[in-house]
Amino acid sequence: MHEGEGWLAMAHDGLLNTGRRARLALRSMLATVVVWMAMGAGPAVAAEPPTTLSSRLPGKLLVESGRGRAFDTHLIELASGRSQILPRSPAGEAQSSADVWRPGQPGGSGTLVRTDPIGNLAFFDGRSLREDGGIALQPLRERGLDPKFRSAVPSPDGRLLAGYWWPNGDGKPRLFVITRGLKLIDNGSPLRYPSDGATQAIDWLPDGRYVYLAGDTLVVARPGGGIVSQGRLALPRGVDPEGARLKASPDGRHVLLTMDTRTRVPLGLLFTARIDGSEVKLLTEPGGRLARDNDVRLSMQGATWSPDGRWIAFVVRGVNPGVAGAYSACQPVLVVPFDGASHVIDGVGDEERYGLRVRGESTPLKACGTVGWLP
């Protein structure tokens with residue numbers, strides 16, 4: 001049995017029940033995990049809090065942080081704490097709405113893609129923050145085209161985009177690979193799977209191939225060259241790949257997956273796997289609070305790799321009764337090491353253990369939306 005499967009199966013069975021029986025099942029599961037850890041077969045414990053000094057972490061973090069004006073997105077240099085505000089789109093300014101920013105592979109060209117509230121795309125150099133073209137929808141609509149982008153991730157060289165869209169504004173979302181000039185390279189997948197729940201489960205590999213999740217199968221494809229490989233994920237029972245999010249590691253050997261449990265009280269947990277679908281491992285696990293309060297619903301969101309592949313940043317959102325600030329739109333950015341261990345995240349004390357403190361700030365950095373990591 002996979003190392004995460006046993007306790008997840010117990011959680012699945014326990015959470016489908018209610019009241020005292022569910023609490024007892026969860027307490028039993030947690031006690032088993034504690035013994036398992038003590039015997040050295042379970043999650044390892046980091047030797048020190050990994051994020052108290054952000055100067056140890058490489059690159060820049062992209063966050064919609066709530067600093068300054070509402071909906072501003074900042075690019076924060078972790079070594080120095082210096083922060084730049086990314087340029088707002090005209091539509092974002094007019095509607096007082098947030099733009100969505102997507103970085104490419106950390107080791108790539110540094111291209112950023114900004115999607116404004118009405119769906120226009122703009123391309124930026126991640127180093128100079130100069131705008132370098134885009135895809136405006138109004139001229140396309142005047143030509144009888146009406147693409148709607150659900151996601152658009154820049155390739156490592158910045159020349160291509162991969163993601164999901166509605167090519168004519170309706171129907172089911174379709175996987176695509178296009179040039180910046182809207183030349184179609186790939187249009188859909190030869191595999192059949194529920195694409196509605198897969199639109200955030202696609203990313204580029206550093207060698208110019210791309211990887212996506214088709215149901216419970218990891219697929220690697222080459223732009224214009226078809227599928228290169230596919231491997232079924234050995235998921236623990238009770239974990240749902242529908243609606244998953246996927247980020248490829250900077251070396252292209254692993255993927256980071258955000259997936260929900262199929263339980264009465266669903267949890268959004270982080271997993272890692274090899275690019276061939278093997279070695280699925282739990283990165284974040286719920287703590288003992290779930291045994292005491294069955295109304296806690298937590299989800300790990302915005303998970304992203306550091307440029308050196310050693311760290312993973314994310315935020316925790318959801319319903320957490322009785323915890324001050326639990327319903328705030330902005331939550332602390334947490335950083336855990338990618339070291340083969342799993343880390344207990346239960347919505348209480350997470351920022352003390354894993355909260356990212358930027359140089360010059362006494363409290364952990366908070367994110368209100370986008371999280372990305374650039375070199």
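Quick look at the values:
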{"item": "So Leu121, is it closer than 18 Å to Thr179 by Cβ, of a type in the set (A, V, I, L, M, F, W, C), in contact with a helix residue (DSSP H, G or I) (Cβ under 9 Å, 6 or more places away or on another chain) and at pLDDT below 90", "result": "no"}
{"item": "Unmet requirement for Trp204, which otherwise passes all of (1) without any contact (Cβ under 8 Å) to a residue 12 or more places away in the chain; (2) within 24 Å of Asp251 (Cα to Cα)", "result": "(1)"}
{"item": "Looking only at segment 230-249, and only at residues there that are outside any strand (DSSP E or B) and at pLDDT 95 or above, the one that is nearest to Pro190 (Cα to Cα)", "result": "Leu233"}
{"item": "Residues within segment 92-108 that are small (Gly, Ala, Ser), over 18 Å from Ser306 (Cβ atoms) and surrounded by 15 or more Cβ atoms within 10 Å (Cβ to Cβ), tallied", "result": "3"}
{"item": "Output for segment 141-170, where each listed residue is free of Cβ contacts under 8 Å to residues at least 40 places away in the same chain, of a type in the set (A, V, I, L, M, F, W, C) and more than 16 Å from Gly197 (Cα to Cα)", "result": "Leu145"}
{"item": "Within segment 252-356, strands (runs of 3 or more DSSP E) holding 3 or more residues that are closer than 24 Å to Leu218 by Cα and of a type outside the set (A, V, I, L, M, F, W, C)", "result": "254-261, 268-274, 297-305"}
{"item": "Flag for Arg264 being at pLDDT below 95, of a type outside the set (A, V, I, L, M) and either buried (at least 19 other Cβ atoms within 10 Å of the Cβ) or more than 23 Å from Ala313 (Cα to Cα) (or both)", "result": "yes"}
{"item": "Qualifying positions in segment 56-79 - among the small types (Gly, Ala, Ser) and either surrounded by 13 or more Cβ atoms within 10 Å (Cβ to Cβ) or at pLDDT below 60 (or both)", "result": "Gly59, Ser65, Gly66, Ala79"}
{"item": "Residue among Gly302, Gly349, Gly309 that alone is of a type outside the set (A, V, I, L, M, F, W, C) and more than 22 Å from Gln105 (Cα to Cα)", "result": "Gly349"}
{"item": "Residue list for segment 305-356, filter: closer than 16 Å to Ser249 by Cα, surrounded by 17 or more Cβ atoms within 10 Å (Cβ to Cβ) and either among the aliphatic types (A, V, I, L, M) or out of contact with any Pro (no Cβ under 8 Å at 6 or more places or on another chain) (or both)", "result": "Ile312, Ala313, Phe314, Val335, Val336, Phe338"}
{"item": "Residues (in contact (Cβ under 8 Å) with a residue 60 or more places away in the chain and touching a His at 6+ places or on another chain (Cβ under 9 Å)) located in segment 230-263", "result": "Ala234, Pro236, Arg237, Gly238, Val239, Ala248, Thr261, Arg262, Thr263"}
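The values are calculated or read from the model by the stated rules, or taken from the named source; none is laboratory data. All values derive from a computational prediction rather than experimental measurement. Heads up, the Cβs are rebuilt from the backbone with ideal geometry, glycines too, and the neighbour counts pull from every protein chain shown.
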